[in-house]
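A short write-up of the structure that comes next.
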Amino acid sequence: MQANDNIESITGNPRSAINKLAFPTIFSLLLMFLNNLIDSFWVSGINSNALAALGFIAPLYLVIIGIGSGIGAGANSLISRYVGAQRIEDANNSVMHSIIIMVIVSVIVLMIGIFFLNDLIILLGAGSVSTYCLSYGQIIFLLNIVFLAPNVAASIFRAEGDVARATNPLILTSIFNMILDPVMIYGLNLGIFGAGLATVVASFLGFLLMLYWIYVKRDTFFEFKFSNYKRDLNIYKEILVVSIPASTEEIIFALVAIILNYLIIMTAGVEEVAAFTIAWRFITIAFIPCMAIGIATITVSGIAYGANNWKNFNETIIYSTLLSLAITIAICAIFFVFAYPLCGLFNFQAADLTLVSRSAEILQLLVFYNFLISLGATAAYTYQGVGVGFKSLALTILRELVLSMALAYLLGITLNMGVFGVYLGAIIGMNIGSIIGFVFIWIFNLKFKKIVFSK
């Protein structure tokens, strides 16, 4: 059975396992985040207010995606540790526990969308473009399950080493979104609502492929059957111990964008937000290698930790850090050199050369935001892999909020350096926080070595 081969491939050499899981994920995530760029590309043709609205609502959309990724990380971590300990029945039970958690969370997000979305938009400081925000955001919140479910299912596929089934639906989703965006925004004349609708429909079509494999073809290694469900509060606890911090971390990433929007408005005005929105899309793309390799690290480190295999655990940390660092620096260098032509893509219909020029300047500065992020990412994802999610969360809070955003406020507002100070403070804080995170995970690694070899 192919799935058994997949299990064997991720329990052996850590480098091979990370390569097997990470590189297809990088490609699929690139396409997924390319959707954000494509949304901005087409929405920029409406007007600058619509583009600014997209910048305001995007963090809320990323929160939903982050919650799905967080639940998936919790499931991936626990299932991988069960695989490492050869407890397959418990792994199957964990699959159903994670699905139940996902459904409950989806209902909560739905309720928030119905009753509080307008308040959230006002809270974000987007009152002047609230109509555009609501047009894009309402359908995202109401049909959030089409984003949560594929994320959780993909994480379960990764836990069994089936990277193709984890990534191919995401690729399909991206392709559909690229096609549907111009059709719905301009062809059907739905405006910014069409961009949101295209995102929802595309995600649903990609998820249908997952449902086909699970319930029609029925050839997945783990079984998505309620007959496997045996309520175990400890399983819920183990999943939530990782998924709550992991989801919170994703929310923090979105919160960073929200805070930066606020600080940018305070120091440069709403027009700067539109330029920042374009640059931030590319910065997000530059983070993709760290994210994809980190997702692979959850699985590989979890298996090594569950099997008490320090050698593989140690190699996982070293290899994932160096690989993501090399790829990230290469991408940042490309973005720095080609910032103007890349941002020029957004001159397609808006014909706003000032917007293009300013976004390119911001991009050339913010590439340094990601310079050492692989160090912090390795720490966060490894902690998730071993089931110590709250340590991962603490390091993320330190890196993203205590250091990065605090320094952005200090330099930009307190020291009156303006919007340049906001960007510079964020960059300095991110890099310092990433180094601190890696120090902590390396200390954990040495402690694990001591425990394994003392037995």
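Residues in the stretch 6-15: is at least one at pLDDT 80 or above, surrounded by fewer than 22 Cβ atoms within 10 Å (Cβ to Cβ), part of a helix (DSSP H, G or I) and out of contact with any strand residue (DSSP E or B) (no Cβ under 9 Å at 6 or more places or on another chain)? Outline the logic, then answer.
Step one: of the stretch 6-15, the residues at pLDDT 80 or above are 13-15.
Then keep just the ones that are surrounded by fewer than 22 Cβ atoms within 10 Å (Cβ to Cβ); that gives 13, 15.
Next, from what is left, pick out any that are part of a helix (DSSP H, G or I): 15.
Within this subset, residues satisfying the condition of being out of contact with any strand residue (DSSP E or B) (no Cβ under 9 Å at 6 or more places or on another chain) are 15.
Yes, the stretch 6-15 contains at least one residue that is at pLDDT 80 or above, surrounded by fewer than 22 Cβ atoms within 10 Å (Cβ to Cβ), part of a helix (DSSP H, G or I) and out of contact with any strand residue (DSSP E or B) (no Cβ under 9 Å at 6 or more places or on another chain).
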Do we find that Asn168 is in contact with a helix residue (DSSP H, G or I) (Cβ under 8 Å, 6 or more places away or on another chain) and either free of Cβ contacts under 8 Å to residues at least 24 places away in the same chain or outside any helix (DSSP H, G or I) (or both) in this structure? no
With the condition kept exactly as written, say whether any residue in the stretch 171-180 is within 24 Å of the chain's Cα centre (by Cα), part of a helix (DSSP H, G or I) and among the hydroxyl-bearing types (Ser, Thr, Tyr). yes
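Find the helices (runs of 4 or more DSSP H) located wholly in the stretch 46-150 whose residues include 2 or more that are at pLDDT below 90, touching a Phe, Trp or Tyr at 6+ places or on another chain (Cβ under 6 Å) and within 24 Å of Leu393 (Cβ to Cβ), and list them. Can you show your working first?
Details: elements: 48-84, 88-123, 130-142.
Where helices (runs of 4 or more DSSP H) fall fully within the stretch 46-150 and carry at least 2 residues being at pLDDT below 90, touching a Phe, Trp or Tyr at 6+ places or on another chain (Cβ under 6 Å) and within 24 Å of Leu393 (Cβ to Cβ), they are 48-84.
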Looking at (1) in a helix (DSSP H, G or I); (2) more than 18 Å from the chain's Cα centre (by Cα), which one does Asn189 not meet, given that it meets all the others? (1)
Can you find even one residue in the stretch 258-277 that is touching a Phe, Trp or Tyr at 6+ places or on another chain (Cβ under 9 Å), farther than 18 Å from Ser44 by Cβ and at pLDDT below 85? yes
Could you grab me the full set of residues in the stretch 214-243 that are within 22 Å of the chain's Cα centre (by Cα), modelled with pLDDT of 85 or more and of a type in the set (A, V, I, L, M, F, W, C)? Ile239, Leu240, Val241
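What tally of residues in the stretch 388-444 results from selecting those that are among the aromatic types (Phe, Trp, Tyr) and within 21 Å of the chain's Cα centre (by Cα)? Spell out the reasoning first.
Of all residues in the stretch 388-444, those among the aromatic types (Phe, Trp, Tyr) come to 390, 409, 420, 423, 438, 440, 442, 444.
Applying the additional criterion that residues be within 21 Å of the chain's Cα centre (by Cα) yields 390, 438.
Qualifying residue count, the stretch 388-444: 2.
The values are calculated or read from the model by the stated rules, or taken from the named source; none is laboratory data. Here the structure is a predicted model, which means the values were calculated and not measured. Positions of Cβ are generated from backbone atoms using ideal geometry, with glycine treated the same way; all protein chains shown enter the neighbour counts.
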